[in-house]
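Structure first, commentary second.
The values are calculated or read from the model by the stated rules, or taken from the named source; none is laboratory data. No experiment lies behind these values; they were computed from the predicted model shown. Note that we place each Cβ from the backbone using ideal geometry, even for glycine, and neighbour counts take in every protein chain shown. For accessibility, only protein heavy atoms count, side chains too; no ligands or nucleic acids. Shrake-Rupley method; radii C 1.70, N 1.55, O 1.52, S 1.80 Å.
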Amino acid sequence: MRKFGTLLGTLLLAAVLAAAGTASCFAMSGQDVLDRVKEEYGDFQSQVVTMQIKTYDGETLVSDREVVVLSRKVGDVNQSLLKFTSPRDVEGVGLLDQGDDIMYMYLPEFGKARRIAGSAKSGSFMGTDFTYSDMSFISYDTSDYEAQLLSENDEAYELELSTKSDKDKFYEKVMMTVAKNNWFPTQIVFYNLDGRLEKELTAYDVTKYGDYKYPQRLVMKNVLADHRTEIILEKPEFDRNLDESLFTIRSLQRTRIRY
Amino acid sequence: MRKQLILVLSCVLLFTTSVGVSAAHVSGVFTGEFRVLTEEDKPVENTVAGVGVEIDIDGEVGDAGSWKLGLDAAFHQPLNKVRENIWDAGDTDAAEENLTLELDEAYLDLYSIGGRAVDVRLGKQYVDVGVGDGLTAFHLTRPIQANYLDEMQNTRAVTGVRIDAFPKDLHIQAFIQPRVTLNKTGENITTVYRKIEQNTMGDLLAGFGGQFPGPGEVTIVPQAHPAIPPTYDDDGWGLTLKASKLVGSYDLGAVYQRGYGPDPILYMFGYDLQELEIDSEKGQAYLPLHLHQGHLPLQKIGLTAEGTLRDAGIWAELAYNIPKAGFFDKGLDSEIVPKAYRFTDDKYITGLVGMDYFLKNGVYVNGQIIRGFPQEIAKSMVKTYLVGNAYQDFLNSRLRVEGSAVYCFDDKGWMLLPEVVYQLKKDMQVFGKLGISGGDEESMFYHMKDLTQALIGISISF
């Protein structure tokens, strides 16, 4: 046992040294790149955006929904309020995330908000290829992840992201490709817990809106299932003064969000 | 009903044109279905074809609020009657019997009344202050609307004024209900209820007949006096109050509710010997037994709690039920009345506890233990149930396989409701459902066996 312990210690030390050696080969660390991405694209304090979400099974359009999303940062906590505006089967459904695992769903047919379980985060977000936790990537919120720089070439950095907490581990690993010319994460690839490539998130038509750059279209492709979700982002607004009263049950249960 | 519909429509139209609302938004769903009640003599021939449309119209009232109007129309007809009705097209009365027109929701929302954190909703609306999933111990604002087994959890909108106030971190809800909305059950379910009632009456009459021993026979003839729909004139308006607050990571609430049991209940029976009729030819005597039904005024005081336990959602309700003192005739609490039907105004406790969870493989599971279903409004009726629900999506989330089950610990009755829904394409779904019930012969679900059904249908949203 003692021998094994010594061996393990040696291996760990070697691993640490190897990691340090690897890091020193690059001008920037993985975390530096991730921070730069966030600085360039996701450093806003609040955001309002309308999303048109289309899901395709093969080439068949299966659903086409519209949702208004408000989000803001309060210290380390991200809060969001989401309301479906069409079609009829989901119209009025709302989701409020107050942070600290306090989430509510509003269902118009009951006229009340219900708490939802943290385990819902691992499930599909309204039948799309995004899980609830994947939705954070849309806002470049990678605060739950640590990054390691795997490689770089003249055009891009290749990062491996891993969750800081095992509780939030829904993937074996997440790979992010960041373009060097504009620090834009051109592609994010998700490997499932079996280690198989499951999904690819690609952003298109990056546009400048005031101080921030933001894509006009995102496509999440499930390569295992020949299924994809396309999100068209309309008129994003940043750093609006979104009052805390918006991120409450009162706001959630209203037919339309006013901000 | 149509008068009411026209009145509400007129009010909404008058309001929307006078206040200058923004453009109305129209959406809806069309459904078509075939339903086979498998326990019928000729189930295939008696297959019921149905078409329905639900239309929602909503709009904004500037920054002041919003409004919504929902209309449901449905037409159901057994297939074997479709042909004869087509040939006999002049028989509009027959067609009308199968046509239902229902004003679903019709309300006006007004936000930030007087610049305060107070919102008001006026009109017909869904109100649920419970935290249970689909069921609640605080059901006086949730009357049922059902005609088939799979519709037993469908509820009706209720008319009143809802006020939501948000002083500091507190959420106070008040719903004032000037008009009573009762359960609305179709012919199929009413027939089952009648059957259960007849069984009960049989036991009651047998017990009652024993009160007249002797050489001559006295036949007891039940004479039912239907319940008069209640009004709030005597007992004050219906009222629901709830105060809730996030404490730690749990939402805790206190509830007071006042209203009526949404189903009629036997509250008095009796006879008048002067009504004894003697048939001397047959040597037989007949005595009418008057059975009076009414709606029980009921109050509830209770607590709700919901939150998460690790990654699971959990919730609980506890209600202390106070039936109106003296509502039930003392005679009902007697040996001749079957035990379950010895209705009294004794206070009693109902409640539920539940949990849900998404498994790693995508299966959603939900379980609740419930003490007291909504129709169980007197102490002797209250039973304990286990209600479960699970679903999983397949075929790239286009196919959902779902199952619900109910089991009664007291009378061993059970019900299963499996269903599949397939998303054919955008806004178009096809679905299939089964509804099966059974259990001990005394159980409610055993009597619902006649409602065992298979259903296929299509829905198109617009």
**OP:** Read through the list (1) facing chain B (nearest Cβ under 10 Å); (2) in contact with a helix residue (DSSP H, G or I) (Cβ under 7 Å, 6 or more places away or on another chain); (3) not aromatic (F, W, Y), then give the number of the only condition that A:M126 fails.
**Re:** (2)
Original post:
Of all residues in the stretch B:52-81, which are more than 10 Å from chain A (Cβ to nearest Cβ) and over 22 Å from the mean Cα position of the chain (by Cα)?
Top reply: B:I57, B:V61, B:G62, B:A64, B:Q77, B:P78, B:L79, B:N80, B:K81
**OP:** Mind listing just one residue for me: the one in the stretch A:152-202 that is of a type in the set (S, T, Y) and open to solvent by 50 Å² or more (accessible area, probe 1.4 Å) and, of those, modelled with the highest pLDDT?
**Re:** A:Y191
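Please verify whether B:K426 is among the charged types (D, E, K, R), away from every other protein chain (no Cβ under 14 Å) and surrounded by 15 or more Cβ atoms within 10 Å (Cβ to Cβ), treating the condition exactly as stated.
no
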Original post:
(1) surrounded by fewer than 22 Cβ atoms within 10 Å (Cβ to Cβ); (2) touching a strand residue (DSSP E or B) at 6+ places or on another chain (Cβ under 7 Å); (3) facing chain B (nearest Cβ under 9 Å): which one isn't true of A:A117, the others all being true?
Top reply: (1)
Original post:
On the given criteria, is B:E306 surrounded by 16 or more Cβ atoms within 10 Å (Cβ to Cβ), touching a residue at least 60 places away in the same chain (Cβ under 8 Å), part of a strand (DSSP E or B) and in contact with a Leu (Cβ under 8 Å, 6 or more places away or on another chain)?
Top reply: no
Subject >> Hey, B:D169 modelled with pLDDT under 90 and farther than 29 Å from B:A454 by Cα or not >> reply: yes
Original post:
Are any residues in the stretch A:141-150 among the small types (G, A, S) and either within 26 Å of B:Y126 (Cβ to Cβ) or surrounded by fewer than 19 Cβ atoms within 10 Å (Cβ to Cβ) (or both), and if so, which ones?
Top reply: A:S143
Original post:
Do we have A:L70 as away from chain B (no Cβ under 13 Å), at pLDDT 90 or above, touching a Phe, Trp or Tyr at 6+ places or on another chain (Cβ under 8 Å) and closer than 24 Å to B:K245 by Cβ here?
Top reply: yes
Original post:
Under 9 Å by Cβ, and 6 or more places apart or on different chains, what pairs join a residue from the stretch B:252-275 that is more than 30 Å from B:F175 (Cβ to Cβ) with one that is part of a loop (DSSP other than H, G, I, E, B) and open to solvent by 30 Å² or more (accessible area, probe 1.4 Å)?
Top reply: B:M268/B:D329; B:F269/B:D329; B:G270/B:D329
Original post:
In the stretch A:133-140, is there at least one residue being touching a helix residue (DSSP H, G or I) at 6+ places or on another chain (Cβ under 8 Å), assigned to a strand (DSSP E or B), open to solvent by less than 30 Å² (accessible area, probe 1.4 Å) and of a type in the set (S, T, Y)?
Top reply: no
Subject >> Criterion (of a type in the set (A, V, I, L, M, F, W, C), modelled with pLDDT under 85 and open to solvent by less than 20 Å² (accessible area, probe 1.4 Å)) met by exactly one of B:V127, B:V131, B:V158, B:V192 >> reply: B:V192
Subject >> Filter result for A:Y104 (more than 14 Å from chain B (Cβ to nearest Cβ) and in contact with a strand residue (DSSP E or B) (Cβ under 7 Å, 6 or more places away or on another chain)) >> reply: no
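Listed here are the residues, each with its yes/no results for (1) of a type in the set (D, E); (2) in contact with a Gly (Cβ under 9 Å, 6 or more places away or on another chain); (3) under 26 Å from A:E91 (Cβ atoms).
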site	(1), (2), (3)
A:I116	no, yes, yes
A:Y132	no, yes, yes
A:T142	no, yes, no
A:S162	no, no, no
A:V174	no, no, no
A:P185	no, no, no
A:D194	yes, no, no
**OP:** Read through the list (1) within 12 Å of chain A (Cβ to nearest Cβ); (2) modelled with pLDDT of 95 or more, then give the number of the only condition that B:K433 fails.
**Re:** (1)
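Scan the stretch A:74-87 residue by residue and report those that are charged (D, E, K, R) and buried (at least 17 other Cβ atoms within 10 Å of the Cβ).
Here is the first cut: in the stretch A:74-87, the ones charged (D, E, K, R) are A:76, A:83.
Within the stretch A:74-87, just A:K83 meets the criteria.
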Subject >> Number of the condition not met by B:L416 [criteria: (1) free of Cβ contacts under 8 Å to residues at least 24 places away in the same chain; (2) more than 23 Å from the chain's Cα centre (by Cα); (3) open to solvent by 40 Å² or more (accessible area, probe 1.4 Å)] >> reply: (2)
**OP:** Filter the stretch B:309-360 for residues that are in contact with a helix residue (DSSP H, G or I) (Cβ under 9 Å, 6 or more places away or on another chain), in a strand (DSSP E or B) and either crowded, with 19+ Cβ neighbours inside 10 Å or at pLDDT below 90 (or both) and give the result.
**Re:** B:G313, B:N321, B:P323, B:Y348, B:D356, B:Y357, B:F358
**OP:** Could you list all residues from the stretch A:230-247 that are within 14 Å of chain B (Cβ to nearest Cβ) and open to solvent by 40 Å² or more (accessible area, probe 1.4 Å)?
**Re:** A:D243, A:E244, A:S245
**OP:** Please identify the pairs in which a residue from the stretch A:143-155 that is farther than 30 Å from A:D76 by Cβ has its Cβ atom under 9 Å from the Cβ atom of a residue that is part of a loop (DSSP other than H, G, I, E, B), counting only partners at least 6 apart or on another chain.
**Re:** A:S151/A:F26; A:N153/A:K180; A:D154/A:K180; A:E155/A:K180; A:E155/A:N181
**OP:** Being over 25 Å from B:V44 (Cβ atoms) and not aliphatic (A, V, I, L, M) is the filter; apply it to the stretch B:446-462 and report the residue that is farthest from the other protein chains (Cβ to nearest Cβ).
**Re:** B:F462
**OP:** Kindly indicate the residue of the stretch B:113-124 that is surrounded by fewer than 21 Cβ atoms within 10 Å (Cβ to Cβ) and at positive phi and also farthest from the other protein chains (Cβ to nearest Cβ) among those meeting that condition.
**Re:** B:G114
Original post:
Tell me, which residue of the stretch B:361-391 that is touching a Pro at 6+ places or on another chain (Cβ under 9 Å) and part of a loop (DSSP other than H, G, I, E, B) is farthest from A:D194 (Cα to Cα)?
Top reply: B:A378
**OP:** Could you tell me which residue of the stretch A:208-229 is nearest to the other protein chains (Cβ to nearest Cβ), considering only residues that are under 13 Å from A:Y41 (Cβ atoms), under 19 Å from the mean Cα position of the chain (by Cα) and open to solvent by 20 Å² or more (accessible area, probe 1.4 Å)?
**Re:** A:Y212
**OP:** Determine the pairs where a residue that is open to solvent by 20 Å² or more (accessible area, probe 1.4 Å), located within the stretch B:139-151, has a partner that is in a strand (DSSP E or B) and basic (K, R) with Cβ atoms under 8 Å apart, the partner being 6 or more residues away or on another chain.
**Re:** B:I144/B:K184; B:Q145/B:K184; B:D150/B:K433
**OP:** Please give the number of the condition B:L69 fails out of (1) over 30 Å from A:P108 (Cβ atoms); (2) aliphatic (A, V, I, L, M); (3) surrounded by 15 or more Cβ atoms within 10 Å (Cβ to Cβ).
**Re:** (1)
**OP:** Identify, by number, the condition in (1) within 24 Å of B:N199 (Cβ to Cβ); (2) more than 21 Å from the chain's Cα centre (by Cα); (3) open to solvent by 40 Å² or more (accessible area, probe 1.4 Å) that B:K379 doesn't meet.
**Re:** (2)
